Amino acid sequence: MIMQELLICGVALAMLGIITLYRCAKGPSAADRAVAADSADILISCAMVLFSLYSGRGVYLDIAIISAMLGILDTMLVGRYLEGRL
């Protein structure tokens, strides 16, 4: 039963990822593209957490945490660049 729920959540994350990639490609402004890229990073981290639960290996959880931390730095740097302070 739990594996079915993980599969359903994985499909939902994949659908949200497709919508996010469309927004990243067709965003009307650079800020919209930056928000879409940040959302894609969050979705990838969540997918890695789900895969870690599915496979039972903790190494994927560590990678997801590192990816989320780097995503925060990326968002801050892009925000400063768009503001003109970088």
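No value in this document is a laboratory result; all are computed from the given coordinates. Just so it is clear, the structure is predicted and the values come from calculations on it, not from any experiment. Here the Cβ is made from the backbone with ideal geometry for all residues, glycine too, and neighbour counts use every protein chain on show.
Summary of computed values
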quantity	calculated
Segment ILE2-TYR54, length gained on full extension (0.36 nm per residue, minus Cα span)	17.8 nm
Relative contact order (%) - criterion: Cα under 8 Å, at least six apart; region: the chain	25
Trypsin sites (Lys or Arg not before Pro) within region 25-57, DSSP loop, no more than 13 other Cβ atoms inside 10 Å	ARG57
Proxy reagent accessibility, fewest Cβ within 10 Å first, across LEU43, LEU82	LEU82, LEU43
Top positive-direction residue, dipole computed over region 2-83 with Cβ charges, set SER29, LEU6, ILE63	SER29
At 0.890 mPa s and 25 °C, Stokes diffusion of the chain via Kirkwood alpha-carbon radius, µm² per second	175
Neighbour-count ranking [beta-carbon atoms within 10 angstrom, fewest first] of ILE72, ILE2, ILE44	ILE2, ILE72, ILE44
Cα-centred dipole magnitude for the chain, charges only on beta-carbon of K, R (+1) and D, E (-1), debye, nearest 20	180
